[in-house]
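As structure tokens, the structure follows; a few thoughts come after it.
The values are calculated or read from the model by the stated rules, or taken from the named source; none is laboratory data. Because the structure is a prediction, the values reported are computed rather than measured. Cβ: placed from backbone, ideal geometry, glycine included. Neighbour counts: every protein chain shown. Quick note on the areas: whole protein, heavy atoms, side chains included, nothing else; ligands and nucleic acids left out. Shrake-Rupley method; radii C 1.70, N 1.55, O 1.52, S 1.80 Å.
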Amino acid sequence: MDSALSSPSPGAGTGNMYLRGEDQTLVKLLVAGPFGVGKTTLIRALSETPPLHTEEVMTQSGAMVDDLAGVRDKTTTTVAIDFGRLTLPGDLVLYLFGTPGQKRFRPLWQDIARGALGALVLADTRRLADSFEVMDIVEEAGLRYAVAVNTFPDAPQYDVEKMREALDLHPDTPLVLCDARDREQSVDALIALVRHVLDHTPQPEENPKP
Ligand SMILES: Nc1nc2c(ncn2[C@@H]2O[C@H](COP(=O)(O)OP(=O)(O)OP(=O)(O)O)[C@@H](O)[C@H]2O)c(=O)[nH]1
Ligand SMILES: [Mg+2]
């Protein structure tokens, strides 16, 4: 594991924004989580390229099927994907694909998840159980994941161990707290995921036998 893995300085990776450098390692990651948990917000906060969003205004007819509890002020929702990019020190380039939160878009997941190495699953303490289904889908897709609890100011705060228990997390699975609007905290959440993924990825031998 590269111990130099740390937060990028602001503007890092903006030099060769669209061209792959020779030494760069590209990693595809998902940002997943239930409806309105802050996926779009997080990708918007940390992308070094102008993020792509597929937001649509929510209408009255959607109120019949979308559970607006805890997200009453929300006016738009992701209908396909969010996409952003973040370069970490060590030429690690993260391509971030945000999944749509609403259940009716779950069939899109298989396509979005193809080639991903891991997922950051966002959770909200007011509705932790909503993240279960997402964690199940991510596990079924064979992806390693970390959980980031988005700390909405009006959401109850619990002890980390209590949240791990409530989410029934494997002892290995990282759980971090972050404010999805805060770039530094969001980057730290992704770094926790990347460390976890790299820790479980077989590294090539330095001096392979002939
Ligand atoms: N106070 C506070 N508001 C937040 C935070 N994160 C997101 N929000 C707000 O919560 C609402 C939902 O955020 P989104 O980023 O659209 O959530 P999403 O997970 O992308 O939603 P869907 O794509 O519809 O599933 C928006 O109005 C955000 O401004 C946070 O950390 N704190
Ligand atoms: Mg969204």
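Which pairs turn up if I take residues in region 191-204 that are free of Cβ contacts under 8 Å to residues at least 60 places away in the same chain and look for partners that are open to solvent by less than 90 Å² (accessible area, probe 1.4 Å) and among the aliphatic types (A, V, I, L, M) with beta carbon separation below 6 Å, at least 6 apart in sequence or on another chain? Partner pairs satisfying both residue conditions: A192/A146; A192/V176. No other residue among D168, D159, D199 is surrounded by fewer than 18 Cβ atoms within 10 Å (Cβ to Cβ), more than 23 Å from P107 (Cα to Cα) and touching a Phe, Trp or Tyr at 6+ places or on another chain (Cβ under 9 Å) apart from D168.
For first residues located in region 121-133 and in a loop (DSSP other than H, G, I, E, B), partners that are open to solvent by 20 Å² or more (accessible area, probe 1.4 Å) and lie 6+ apart or on another chain with Cβ distances below 6 Å form the pairs L128/A166.
Looking across region 102-148, the residues that are surrounded by fewer than 20 Cβ atoms within 10 Å (Cβ to Cβ) and among the polar types (S, T, N, Q) come down to Q102, Q110, T125. Among residues of region 97-112 that are more than 13 Å from ligand 2 (Cβ to nearest atom) and modelled with pLDDT of 85 or more, none has a Cβ under 6 angstrom from a residue that is of a type in the set (F, W, Y) and open to solvent by 20 Å² or more (accessible area, probe 1.4 Å) at a sequence gap of 6+ or on a separate chain. Of the strands (runs of 3 or more DSSP E) that lie entirely inside region 24-78, not one contains 1 or more residues that are open to solvent by less than 70 Å² (accessible area, probe 1.4 Å), out of contact with any strand residue (DSSP E or B) (no Cβ under 7 Å at 6 or more places or on another chain) and at pLDDT below 85.
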